[in-house]
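Note sheet for the following structure.
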Amino acid sequence: MPQSGPQVPFGAVYFRKSNPPREDWERDYGIAAEDGLNVFRYWFMWSAIERAPDSYDWEEYDRQLDMAADNGIKTIIAILLHAAPDWAVRKYAHGRQMTWDGTPLPSLMGPSAATGGFAGNSGGAGTLTLNCPEVREQARKFMVALAERYKGHAGFWGYDVWNECNYSPDVDFNPFTKARYREWLRAKYGDLETLSRAWYRYSYAEWDDIEPPARTAPYPENLDWLAFKRDDYYDQMQWKIDTIRAIDQDCLIAAHGVSGAITDMASRGCDDWLAASKVEAYGFTWIAARKGNQPWRNFHGVDLTRCASRGKPFWHAERQGGPLWIQPQVVGRDKEDGRVAEPEDIRVWTMTSFSGGARGIMNLRYRPLLDGPLFGAFGSYGMDGSRTPRSDMASAMAKWANDQAQKPVMAARPVGGDIGILIAPETQQWAYLLNYQGQFDTYPAAMWGAYRGFFDNGLQPDWVHIDDMDSYDALYAPYPIMLTREHARRLAAWVETGGTLISEACPGYFGDRGKVGTVQPNNGLDVLFGARESEVEFMPDIGDRIRFTHDGLTLTGGGFLQSYTLASGEARGAFTDGRLAMVENTHGDGRTLLIGTHPSVGYYRDEAETGRQFFARMFAFTGRTQHARADNPLIQVRIHEGDGRTYAWFLNPTRQTQSGRVVFGRGAVTPGTVHWAGDGAAFDGETFSLPPRDAFVVELT
């Protein structure tokens, strides 16, 4: 991590104003330091500090920083402007965020802090809009006072400028934000006539006639609204960074998201690539109790953040350390599905994140809250702050990660993925708008199904933003139904220079502004794939009935169906009714494979063995050599490199001992220094044995 931090930041969120009890603070800090924790993050909630206009109560926060310094713990200050003072909600009532019908957001209790000033459905954006000049100025003065107060403090390290980067799809229709939206449109289109033609709205007489769309639907105006909201909220993020940097040029600037780009990049602004681009260190919240404890899900969270960070250091900013009670995300799930965290869970979750490239771990509670609906949740330590078997496990891992013997291991980084899964933001935007009324989940099912299809074959799939595709030579596009003309051109050029592209059905069916092409595949992609559409069926509700064959496998499709007639390509598969389903083509120095349905959706839904075999064949089509191939599909092996050294991380997320053989893409290896070996773990260079929910980390020579 930059800015003179510890070797591996390992800690928790400690102080949230209402909790923990004041009489426990000194003891808790002493225990944390003894247990090897070196970082705490505190929520510096605007609502808890500026208790009256320009009147700040820093006393308890000062005490936290002083105790941190006394115990050798560094502090990350999480700036929570979205916790707005109640007096400000009254004084700046005209600056409250609004829903489409003009309803202003209320000031509510925040369940994650048991403290007031939060807006329940605003995501990470808050009750008040920073587009209101008076609100922005009051918030600026608060941040300036904060930065001036703690600059250079011995217990201070840096800022987390946006907690779980996201906002609500239901806001902001406040007049101040509408005015900013019109300015954004004027800058994009220049004049009303151009905008009117683009939107198919022909009676705008003044810019003030323009209103944000009140209905979520697949039209150009909705695309612009989504793009504006992203730009607006991320401009606010940049404003916070600039405000802090004007005071303190030496501190760390960080933020963290929720690894939500697959489901919520379009609707909630969970653009991990954009967020990470603005900070020096990025992170992610990933909680098995809320997301599900399947190994592929836990790896997905870290893999997505690694790819979005684009080489910057990142950490698991909020990792579960204890149970979660009676919350809607856990109802009906098995106890072992993350609902009750055991010490072995702490170990395997931590090692999963390390093996995926995270270089810091923070528990989202040091000890549980004693108030509100999240009582008892997530803390490694007990309700009274006492040690538990879970905290003992976290302590052991914190001390291990920060031992000097692990310095070269933690300095190494994961190699690039075996294959890339293509992400085009406009595709998700259009999928969100197109599927909103029917509430189809085809897009995330396709993306996750492709990831899991490769993951279940022991491959490392990378999430590849379309702007980063030149760093890869093999890409899989699970649901590319909308592509701009420029992105279609770039994909064709990438293949022409040697790339291998595997695409599922309807690539670029919708072009710029969501317009359907009269020739399919659209925007010249028919030439790239060597085929043209014969027939198309958009029936995702019964997409599970689609069947096609490929080299002796009968496979389940999903989502849409697109059949083809050949041009320059060759047939590689058929639907069971005989229509052409798969086409292989050579384009310049590269190759393509077009699949006329979404087998990723099929695999996500049915987890069939034939689906897993299909994704193994898709990887084989690329001609690439797998970094590490284990014959036991329940094991993950990740390769890290750094300073001329290579390390293998073996992960067994199951509750049984697992064994098998592994072949490395680099050839035969000899085990070198062992950095982590669970009880009974063994590896001789070819065969391995791994204990349950444990790992093995070894240098390869």
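The values are calculated or read from the model by the stated rules, or taken from the named source; none is laboratory data. The shown structure was predicted, so the numbers you read here are calculated from the model rather than taken from an experiment. Positions of Cβ are generated from backbone atoms using ideal geometry, with glycine treated the same way; all protein chains shown enter the neighbour counts. Remember, those area values only see protein heavy atoms, side chains included, never the ligands or the DNA or RNA. Shrake-Rupley method; radii C 1.70, N 1.55, O 1.52, S 1.80 Å.
Tabulated results
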item: Subset of segment 87-116 (residues that are of a type in the set (Val, Ile, Thr) and either closer than 21 Å to PRO53 by Cβ or touching a helix residue (DSSP H, G or I) at 6+ places or on another chain (Cβ under 8 Å) (or both)); result: VAL89, THR115
item: Given (1) at negative phi; (2) over 22 Å from the mean Cα position of the chain (by Cα); (3) open to solvent by 30 Å² or more (accessible area, probe 1.4 Å), number of the condition LYS312 does not satisfy; result: (2)
item: First in segment 316-344 and at positive phi and in contact (Cβ under 8 Å) with a residue 40 or more places away in the chain, second anywhere and outside any loop (DSSP other than H, G, I, E, B) and surrounded by 15 or more Cβ atoms within 10 Å (Cβ to Cβ), Cβ under 8 Å, 6 or more apart; result: GLY338/ALA288; GLY338/ALA289; GLY338/ARG290; GLY338/LYS291; GLY338/ASP345
item: Residue that is open to solvent by 50 Å² or more (accessible area, probe 1.4 Å), closer than 25 Å to LYS141 by Cα and without any contact (Cβ under 8 Å) to a residue 12 or more places away in the chain, where the choices are ARG90, ARG51; result: ARG90
item: Matching entry among THR115, THR75 (being touching a strand residue (DSSP E or B) at 6+ places or on another chain (Cβ under 7 Å) and open to solvent by less than 10 Å² (accessible area, probe 1.4 Å)); result: THR75
item: Out of ALA681, ALA695, ALA677, sole residue that is farther than 21 Å from ASN298 by Cβ and at pLDDT 95 or above; result: ALA677
item: Test result for GLN64, within 27 Å of LEU324 (Cα to Cα), open to solvent by less than 20 Å² (accessible area, probe 1.4 Å) and assigned to a helix (DSSP H, G or I); result: yes
item: Candidates ARG180, ARG201, filtered to the one that is among the charged types (D, E, K, R), open to solvent by 40 Å² or more (accessible area, probe 1.4 Å) and not in a helix (DSSP H, G or I); result: ARG201
item: Selection count where residues are more than 25 Å from ALA281 (Cα to Cα) and either open to solvent by 30 Å² or more (accessible area, probe 1.4 Å) or modelled with pLDDT of 95 or more (or both), scope segment 1-28; result: 11
item: Residues being in a helix (DSSP H, G or I), closer than 19 Å to TYR647 by Cβ and open to solvent by less than 40 Å² (accessible area, probe 1.4 Å) - total across segment 403-444; result: 3
item: Looking only at segment 473-490, and only at residues there that are within 23 Å of the chain's Cα centre (by Cα) and farther than 15 Å from GLY420 by Cα, the one that is most open to solvent (accessible area, probe 1.4 Å); result: HIS487
item: Test result for ALA493, open to solvent by 10 Å² or more (accessible area, probe 1.4 Å) and more than 24 Å from TYR436 (Cα to Cα); result: yes
item: Residue in segment 591-613 that is surrounded by 17 or more Cβ atoms within 10 Å (Cβ to Cβ), over 33 Å from the mean Cα position of the chain (by Cα) and touching a residue at least 60 places away in the same chain (Cβ under 8 Å) present; result: no
item: Segment 14-24, subset over 33 Å from the mean Cα position of the chain (by Cα) and free of Cβ contacts under 8 Å to residues at least 60 places away in the same chain, residue nearest to ALA48 (Cα to Cα); result: ARG22
